[in-house]
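Asker: I am attaching a structure below and will ask some questions about it afterwards.
Every read-out reported here was derived from the displayed coordinates using simple, explicitly stated rules and does not represent laboratory data. What you are looking at is a predicted structure, and each value in this text was computed from that prediction instead of being measured. Here the Cβ positions follow ideal geometry from the backbone for every residue, glycine too, while neighbour counts run over all protein chains shown.
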Amino acid sequence: MSIEIENVSKRFGAFAALEDVSLSVPSGELVALLGPSGSGKTTLLRIIAGLESVDDGRVLLNGEDASPHDARQRKVGFVFQHYALFRHMNVFDNVAFGLSVKPKKTRPDKEAIRSKVFELLKLIQMEHLWDRYPSQLSGGQRQRVALARALAVEPRVLLLDEPFGALDAKVRQELRRWLRQLHDEIHVTSVFVTHDQEEALEVADRIVVMNRGKVVQEGTPSEVYDHPANPFVFDFLGKVNLFHGRIDNGVAQLGGVRLPTSVPISGGDGPAIGYVRTHDIEISRHGNGIEDITAQVRGVLRVGPLVRVDLLHAGGEQLEVDLSRDVAEVLALQVGEQVFASPRNVRFFVNDYQI
Amino acid sequence: MARSLRKNGTAGWGTLPGFAPTMGYTLLCLVIVVLVPLSTLFFEAATLTWDDFVGAVAAPRVLASYRVTFGAALLAALTNAFSGVIVAWTLVRYRFPGRRMLDALVDLPFALPTAVAGITLAGIFASNGWLGKVLEPLGVKVAFTPVGIWLAMVFIGLPFVVRTVQPVLEEFDREVEEAAACLGGNRWQIFSRVVFPLMFPAVLTGFTLAFARAVGEYGSIVFIAGNMPMVSEITPLLIITKLEQYDYAGATAVAVVMLVISFMVLLALNLLQKWSRRYAEQ
Amino acid sequence: MRSNDMNRSRYPGAFSVQKAGALAEPLAVRLLLVGCTLFFLSLFLLMPLGALFSEALSKGWQEYRAALIEPDALSAMRLTLVTAVFCVPFNLFFGIVASWCTAKFTFPGKSLLVTLIDLPFSVSPVVSGLVYVLVFGLQGWLGPWLQAHDIKIIFAVPGIVLATVFVTFPFVARELIPLMEAQGREEEEAALTLGAGGLQTFFRVTLPNVKWGLLYGVILCNARAMGEFGAVSVVSGHVRGATNTVPLQVEILYNEYNFVAAFAVASLLALLALVSLALKTFTEWKLRQFQKGGA
């Protein structure tokens with residue numbers, strides 16, 4: 001089932017949580033709402049679920065205006081950040097809750113509820129833990145129970161608020177992959193909120209980047225990562241270096257060095273800011289042309305599979321470069337030595353407008 | 001210093017100074033103020049023969065006083081449980097003018113000396129009092145009847161359920177209700193199957209506290225009860241009556257029964273507290 | 001800021017015509033519940049207060065004033081103050097000491113100790129008075145010895161003070177123990193590693209952290225000490241002008257059908273109760289602010 005958000009605005013007192021947000025989620029997709037805290041992503045999710053009213057605009061579920069329906073009638077599955085499991089019920093009763101509160105006419109009989117619950121427990125690989133209470137479960141297990149509970153009523157839409165936010169790094173990794181696989185199996189339209197760009201890039205079919213109550217970009221993970229629409233998205237998705245340079249005669253310059261750009265430059269001359277990802281800078285001892293910036297090595301730090309090199313370039317700005325370990329070993333950089341940094345794919349923005 | 005802290009850091013002993021003297025003083029006060037006086041009750045009762053003891057605690061007038069006291073206390077605590085849930089719910093969940101003032105006033109029965117409460121209630125429900133004037137022509141007699149005892153007990157037990165349930169409702173995770181709503185539960189189902197079970201231990205705790213307080217209460221009841229033997233005489237009053245007649249043995253015997261019941265209520269409360277934490281994080 | 005605004009949307013105004021749904025009760029139910037609460041609390045809280053003061057002033061200010069400055073009333077007030085002056089500091093000191101050793105250390109039997117400290121709270125006041133009669137009364141354990149040395153405890157001021165100490169014994173401790181437990185030991189340990197002594201640590205780290213809870217306990221302890229009736233009634237002997245506290249004076253006047261004077265003196269205690277409630281609300285608010293700031 002598809003979700004359409006049309007010109008939705010929401011204020012909490014003086015705080016504008018959402019400003020004129022429009023969005024459409026096609027049926028069967030897994031979409032990430034990505035943004036920093038306070039960007040309005042959770043509010044948007046709660047509005048879709050009917051847990052929050054809108055000040056303006058409307059939400060369409062499957063092409064039908066959802067505003068007359070409250071959370072109970074919308075048939076959306078919602079997985080809360082802290083799971084909101086019923087702690088006085090065991091796993092079985094938690095998952096069965098949605099079925100057992102159905103009106104008598106549509107309520108399945110005891111046996112049908114039982115088989116449905118165990119089918120779901122099997123899906124989340126927790127059949128053997130059916131009689132445990134939430135307090136006896138690990139974080140990852142609670143998360144899976146919360147998901148099974150939401151799925152039990154066969155929701156038309158599945159909404160997840162920071163589904164992995166409260167978990168250990170390792171469990172988070174596993175659950176991410178598991179959620180992706182689960183979605184590939186059951187194909188229910190899903191929206192999840194996250195502030196973790198890696199999570200969004202790895203799990204989602206589409207990413208909606210939000211900032212200050214507005215949608216700033218939406219697209220597939222590679223579109224959003226490779227072609228950020230503005231400096232905010234560039235900065236938010238992945239690590240980035242800034243150059244304060246100039247545009248002269250349509251050419252980007254940094255201290256007399258011409259910089260290569262990923263998008264052809266158009267527009268007027270003047271000061272501009274260049275953005276380049278930390279892995280898009282090459283370091284060499286012998287320059288390879290006019291696009292080199294001289295820099296001094298300030299520090300070399302091994303971070304897991306990567307080696308992070310801190311540089312100070314001739315323009316007086318810090319640069320952070322991520323090298324693969326192989327490359328770093330070949331280079332064997334020493335602190336204090338002079339090197340050449342060659343950035344690739346630099347993007348220039350002037351006053352927040354892309355050139 | 002840091003090393004010695006680390007060495008002892010995980011143990012309860014020895015990390016902070018002053019355990020031995022403070023513990024000593026605490027135990028000393030406890031023994032002198034509480035334990036020795038209370039134990040005299042048992043020693044005094046032990047000087048009675050079994051038959052004397054039974055004769056004192058199971059005389060018809062005494063049995064009647066238990067019936068009045070425990071019966072009224074039970075009814076009053078039930079009244080408190082019911083009204084306390086409504087009051088706590090209203091104070092936490094709704095906003096209306098006068099809410100803060102009422103919230104602060106809920107503790108009045110704690111703060112108001114019991115004798116003051118007693119004469120005031122008796123005054124209101126006496127035949128020329130504010131409510132007595134209205135109720136008596138209708139045939140409802142409150143003052144100087146067991147109904148008056150119940151009423152006074154409801155008054156002094158009023159804060160207990162409200163104050164035990166209130167924090168539970170205040171800290172109630174609204175998301176749990178939202179989750180139940182998303183799963184299709186209607187308002188009544190959410191209350192009866194999710195909210196109420198989670199606040200029930202607090203209701204029960206408040207109920208028990210109100211019951212215990214009502215059973216032992218004296219000051220606010222004697223003025224309104226009428227104190228007719230066999231009809232509206234409460235057990236604490238009977239103890240005083242026996243004492244005034246220099247029947248120390250009889251007073252002691254009845255007091256032992258009351259004390260044992262207090263202990264049992266206390267035990268029940270402790271078990272209740274454990275039980276109410278059974279779903280908590282481990 | 002956001003959480004405040006969220007709160008506003010969390011709790012509907014009782015009368016706001018907000019769409020009822022799975023998250024809010026229908027308007028009729030809300031009105032009914034608020035109505036029940038208002039009725040119940042008016043009946044049990046507001047009406048007694050109103051009746052009390054109107055009864056006290058029913059014969060005008062002159063009578064009211066006369067009832068309060070009557071010598072027996074004044075001596076009752078003096079005795080009540082004396083009782084509180086002995087009782088509150090004793091239980092305050094005990095509460096601080098007891099909460100230090102129970103909240104900052106773990107030892108076997110801890111929950112038993114806390115239960116025992118709480119014990120007077122669940123003993124009927126009449127029984128509390130009785131046990132002191134059994135210890136110090138003429139027929140009591142120490143009775144003959146006390147009489148031989150001409151020391152009067154029962155039916156005298158010391159008995160009243162002792163019974164009141166018993167009744168108010170747990171008040172400060174039961175406020176402080178959970179509070180100090182929640183504070184943990186880290187701050188004290190930090191102070192010690194920085195070279196502070198034990199008492200310095202207590203006065204400069206522990207005490208400021210629990211001051212509002214402490215004040216709260218003191219207010220409750222004082223209110224009860226001044227208002228205690230059952231236990232004091234058993235040990236006092238009701239000697240006018242000598243062993244009558246204010247609550248006992250109220251009883252005597254009432255039983256003499258001197259209602260105006262009884263309610264006038266009672267109104268004094270009611271004012272004390274209202275002041276205590278106001279102070280209590282204030283300290284609670286401070287405590288909450290403090291905890292919020294600390295979190």
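Asker: Kindly provide the helix-only [θ] at 222 nm of chain A, computed as the sum of -39,500 (n - 2.57) over DSSP H runs of four or more divided by all residues, to the nearest 500 deg cm²/dmol?
Answerer: That comes out to -7500 deg cm²/dmol.
Asker: To make sure I understand, if each residue's beta carbon is the centre and we count other beta carbons within 10 Å, what order do A:MET126, B:MET230, A:MET210 fall in, fewest to most?
Answerer: The fewest-first ordering by Cβ neighbours comes to B:MET230, A:MET126, A:MET210.
Asker: Given the options C:THR245, C:THR283, C:THR164, which has the most mean-square fluctuation in a GNM of chain C, springs set between C-alpha atoms less than 10 angstrom apart?
Answerer: Top of the fluctuation ranking is C:THR283.
Asker: Mind giving me the FRET efficiency for A:GLU282 and A:HIS128? R0 is 51 Å, r the Cβ-Cβ distance, nearest 0.05 is fine.
Answerer: 0.45
Asker: Could you work out the helix-only [θ] at 222 nm for chain C, with each DSSP H run of four or more residues adding -39,500 (n - 2.57) and the total divided by the number of residues, to the nearest 500 deg cm²/dmol?
Answerer: Roughly -24000 deg cm²/dmol at 222 nm, from the helical runs in chain C.
Asker: Within chain B, which complete DSSP H helices have Cα atoms spanning at least 30 Å along the helix axis and a mean Kyte-Doolittle hydropathy of 1.6 or higher?
Answerer: Qualifying helices, which must be both long enough and hydrophobic enough, are B:248-276.
Asker: Under the rule of -39500 (n - 2.57) per DSSP H run of 4 or more residues, summed and divided by the residues of chain B, what mean residue ellipticity at 222 nm is obtained, to the nearest 500 deg cm²/dmol?
Answerer: For chain B, the value works out to -22500 deg cm²/dmol.
Asker: Which of B:MET264, C:MET180 has the fewest other C-beta atoms within 10 Å, and how do the rest follow up to the most?
Answerer: Numbers: B:MET264 11, C:MET180 22.
Starting with the residue having the fewest Cβ neighbours, the order is B:MET264, C:MET180.
Asker: May I pose another question? What's the center-to-center distance, using Cα atoms, between the range B:140-197 and the range A:187-255 in Å?
Answerer: Value for the Cα centre distance between the two parts: 50 Å.
Asker: Name the residues of the range B:239-282 whose amide N is less than 14 Å from a point 7 angstrom out from the Cα of A:VAL171 along the C-beta direction?
Answerer: Under 14 Å, as judged by backbone N against the label point of A:VAL171, lie B:281-282 of the range B:239-282.
Asker: Next up: Which residues in the range A:23-67 place their backbone N less than 17 Å from a point set 7 Å from the Cα of A:SER9 along the Cα-to-Cβ direction?
Answerer: Once the point is set 7 Å along Cα→Cβ of A:SER9, A:23, A:40, A:44, A:53-59 turn out to lie under 17 Å by backbone N, inside the range A:23-67.
Asker: Round to the nearest 10 and give me the degree value, 0 to 90, for the angle of helix A:91-100's Cα axis relative to the longest principal axis of chain A.
Answerer: 70 degrees
Asker: Under the Karplus relation 6.51 cos²θ - 1.76 cosθ + 1.60, θ = phi - 60°, what is the ordered set of whole-Hz ³J(HN,Hα) values for the range C:26-35, x standing for Gly and Pro?
Answerer: Taking θ as phi minus 60°, the curve returns x, 3, 4, 5, 4, 5, 4, 5, 5, x Hz for the range C:26-35.
Asker: Moving on. Which of C:ALA67, C:ILE117, C:LEU23 sits closest to the plus end of the dipole of chain C, meaning its Cα is farthest towards the positive end, when Lys and Arg get +1 and Asp and Glu get -1 on the C-beta?
Answerer: It is C:LEU23.
Asker: For chain B, with a Gaussian network of springs between Cα atoms less than 10 Å apart, report the residue from B:LEU78, B:LEU38, B:LEU269 with the top mean-square fluctuation.
Answerer: Residue with maximal mean-square fluctuation among B:LEU78, B:LEU38, B:LEU269: B:LEU38.
Asker: In what sequence do A:THR42, C:THR115, C:THR80 fall when counting other Cβ within 10 Å, fewest first?
Answerer: Numbers: A:THR42 19, C:THR115 16, C:THR80 27.
The order, fewest Cβ neighbours first, is C:THR115, A:THR42, C:THR80.
Asker: Could you identify which residue out of A:ASP93, A:ASP109, A:ASP226 has the top mean-square fluctuation in a GNM of chain A using Cα springs shorter than 10 Å?
Answerer: A:ASP109
Asker: As an exercise, identify the GluC sites (Glu not before Pro) in the range C:177-260 lying in DSSP coil whose Cβ has no more than 12 other Cβ atoms within 10 Å.
Answerer: Answer by residue number: C:GLU256.
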